[in-house]
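Only one structure is covered here, and it is reproduced in the block below.
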Amino acid sequence: MGHRGLWSGTVVWDVAVIGGSVTGSAMALELAARGLRVVVLEADHFPREKPCGEGLAPSGAAWLEKHRLLGRLAAEGIHAFPAIAFHHRGRTATGAFPGGGRGVAVRRWVLDRVLAEETVRRGVERVEGAAVTGVSRQDGGWELVAGEQRWQARFVVGADGTHGASQRLLGLRGSRSGHPRFGVRQHFRLARPSADGLVHVHFMDGWDLYVTPLPHNELNVAALLPRSMMAPLGGHLGQGFTRLLTECEPLRGLLAGATPVSTPLAWGPLETAATGCTTDGAVLVGDAAGSADALTGQGMSVALSTAGAAADCVARCLADPAGAEHALRAYAAFRRRRVRDLRRLSHLLLWSVDRPWVLRLVMRALEAQPVVFTRLMAVNDGMAPLRTTVLRSAPRMVWGVAAPR
Ligand SMILES: Cc1cc2nc3c(=O)[nH]c(=O)nc-3n(C[C@H](O)[C@H](O)[C@H](O)COP(=O)(O)OP(=O)(O)OC[C@H]3O[C@@H](n4cnc5c(N)ncnc54)[C@H](O)[C@@H]3O)c2cc1C
């Protein structure tokens with residue numbers, strides 16, 4: 001429960017978190033663990049579907065393990081995978097996660113609900129159906145408005161995703177990508193189990209397809225598409241998406257006899273930016289702080305693995321207002337370090353996807369040098385810097401391209 005005082009007669013929360021999906025719940029758990037009184041304001045009613053590829057990289061899985069949530073999720077169904085396979089025009093390159101790590105695939109329907117339930121179990125107040133439309137400074141704290149309701153808090157965390165309101169309400173909205181891509185995903189129950197249990201990425205001409213095995217013989221199929229391909233799908237998303245999937249021959253085989261178990265859902269634009277992730281008395285976290293194209297499969301893992309640093313920052317600002325500026329700067333620098341190379345890598349990959357001859361060379365190199373693939377997965381998951389990885393791997397890449405086969 002919040003305390004009374006800053007505003008006479010009203011409940012004042014230490015922190016109001018806008019958005020109660022994977023990021024908002026992770027933040028609430030981290031903040032509650034630091035003894036703070038937290039209210040989460042979520043626009044939707046859970047459980048609900050969120051379009052996603054549903055694969056967590058090892059850093060995201062490690063956060064769940066640390067917070068003793070992996071076991072609970074496993075009881076409902078998760079699928080662990082040790083590697084990702086890229087496919088392009090008959091070539092296949094497989095990259096294992098570094099250090100024998102494992103990714104985890106889990107339905108968002110399940111993950112988001114379990115995280116939300118855990119916040120309530122740990123004393124967080126969760127209000128659903130509360131779409132925040134107003135945030136204003138009052139007496140050194142904040143007032144938040146959703147419909148007829150109002151909340152007071154000493155600090156605000158914006159965790160409302162790529163299309164939430166907090167970026168704009170806090171004056172941190174950034175410019176949008178000039179070449180937006182969109183995602184569409186659907187689930188299928190297979191007639192027989194997927195052969196190797198890996199996540200498969202199929203690079204098609206100008207678009208890509210992510211195939212993630214889930215528990216109970218289910219499969220998540222997510223297509224990432226340029227805007228020009230979204231228009232023909234519009235209006236008949238179901239039929240258009242089914243037609244699109246038949247263009248991928250290996251998937252056609254896998255889906256033979258499969259039953260759709262969800263309707264296709266679209267989301268986008270995928271890549272967004274904020275002008276910053278901090279302002280006086282507030283921070284942005286997860287996709288609200290800016291999101292990379294989903295081809296990195298990192299959105300959830302970035303959110304989970306940066307929640308601790310964001311919560312440290314909030315706790316420091318509240319405990320020592322004189323040191324708040326320093327704490328906010330430290331969080332902003334931490335987040336920048338975590339996402340900078342991931343963004344560069346995603347832009348490099350997107351650039352290659354748009355140039356099939358480059359992608360052919362990249363595939364040839366990765367196929368011949370799986371160790372390089374693994375090193376790039378380490379960069380993607382925030383475990384290694386891009387620059388030194390590329391320098392260290394350049395000779396292997398060149399040999400991978402040039403070696404006779
Ligand atoms: C097609 C696709 C495939 C993807 N694949 C992967 C993948 O395989 N692995 C991965 O890690 N990531 C993937 N991502 C990215 C991942 O889905 C996001 O990074 C992740 O959902 C971000 O979580 P979030 O909590 O920050 O935002 P969201 O999950 O978008 O949640 C934001 C929440 O805020 C609420 N909200 C919005 N506005 C308000 C408001 N005004 N007031 C209150 N609440 C509000 C919403 O209802 C929502 O519940 C994919 C994304 C797409 C679109």
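The values are calculated or read from the model by the stated rules, or taken from the named source; none is laboratory data. Predicted model, so just to flag it, every value in this text is computed and none were measured. When we count neighbours, we look across all protein chains shown, and the Cβ atoms used for this are built from the backbone with ideal geometry, even at glycine.
Structure notes:
- Residue 333 vs. criteria in contact (Cβ under 8 Å) with a residue 60 or more places away in the chain, out of contact with any Cys (no Cβ under 6 Å at 6 or more places or on another chain) and in a helix (DSSP H, G or I): no
- Selection within the stretch 277-310: residues that are more than 7 Å from the ligand (Cβ to nearest atom) and among the acidic types (Asp, Glu). The member of this set that is modelled with the lowest pLDDT is 293.
- Scanning the stretch 355-368 finds no residues that are among the acidic types (Asp, Glu) and buried (at least 19 other Cβ atoms within 10 Å of the Cβ).
Conditions (1) free of Cβ contacts under 8 Å to residues at least 60 places away in the same chain; (2) small (Gly, Ala, Ser); (3) farther than 12 Å from residue 184 by Cα, marked per residue:
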| residue | (1), (2), (3) |
| --- | --- |
| 236 | yes, no, yes |
| 240 | yes, yes, no |
| 252 | yes, no, yes |
| 272 | no, no, yes |
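- Restricting attention to the stretch 181-214, the residues that are more than 12 Å from the ligand (Cβ to nearest atom), aliphatic (A, V, I, L, M) and over 11 Å from residue 84 (Cα atoms) total 4.
- Number of residues in the stretch 328-349 that are over 21 Å from the mean Cα position of the chain (by Cα) and surrounded by fewer than 21 Cβ atoms within 10 Å (Cβ to Cβ) equals 2.
- Criterion violated by residue 202 - all others in (1) part of a loop (DSSP other than H, G, I, E, B); (2) modelled with pLDDT of 85 or more satisfied: (1)
- Selection status of residue 60, closer than 29 Å to residue 261 by Cβ and of a type outside the set (A, V, I, L, M, F, W, C): yes
- Residue, nearest to the ligand (Cβ to nearest atom), within the stretch 95-134, restricted to residues that are closer than 22 Å to residue 151 by Cα and crowded, with 21+ Cβ neighbours inside 10 Å: 132
- Among the residues listed as 328, 350, 295, 361, the single one being farther than 20 Å from residue 162 by Cα and touching an Asp or Glu at 6+ places or on another chain (Cβ under 9 Å): 328
- Single match in 154, 150 (criterion: over 24 Å from residue 267 (Cα atoms), surrounded by 20 or more Cβ atoms within 10 Å (Cβ to Cβ) and more than 10 Å from the ligand (Cβ to nearest atom)): 154
- Per-region count, the stretch 122-152, residues free of Cβ contacts under 8 Å to residues at least 40 places away in the same chain, in a loop (DSSP other than H, G, I, E, B) and within 28 Å of the chain's Cα centre (by Cα): 1
Residue-wise test of (1) in contact with a Ser or Thr (Cβ under 9 Å, 6 or more places away or on another chain); (2) in the same structural domain as residue 338 (by TED's automatic domain parsing); (3) under 28 Å from residue 24 (Cα atoms).
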{"position": "219", "(1), (2), (3)": "yes, no, yes"}
{"position": "227", "(1), (2), (3)": "no, no, no"}
{"position": "244", "(1), (2), (3)": "no, no, no"}
{"position": "248", "(1), (2), (3)": "no, no, no"}
{"position": "258", "(1), (2), (3)": "no, no, no"}
{"position": "263", "(1), (2), (3)": "no, no, yes"}
{"position": "275", "(1), (2), (3)": "yes, yes, yes"}
{"position": "288", "(1), (2), (3)": "yes, yes, yes"}
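- Of all the residues in the stretch 262-294, those that are crowded, with 24+ Cβ neighbours inside 10 Å and of a type in the set (A, V, I, L, M) number 8.
- Helices (runs of 4 or more DSSP H) contained entirely in the stretch 209-319, each with at least 3 residues that are among the β-branched types (Val, Ile, Thr): 299-319
- Scanning the stretch 84-121 for residues that are aliphatic (A, V, I, L, M) and not in a strand (DSSP E or B), we see that the one that is farthest from the chain's Cα centre (by Cα) is 120.
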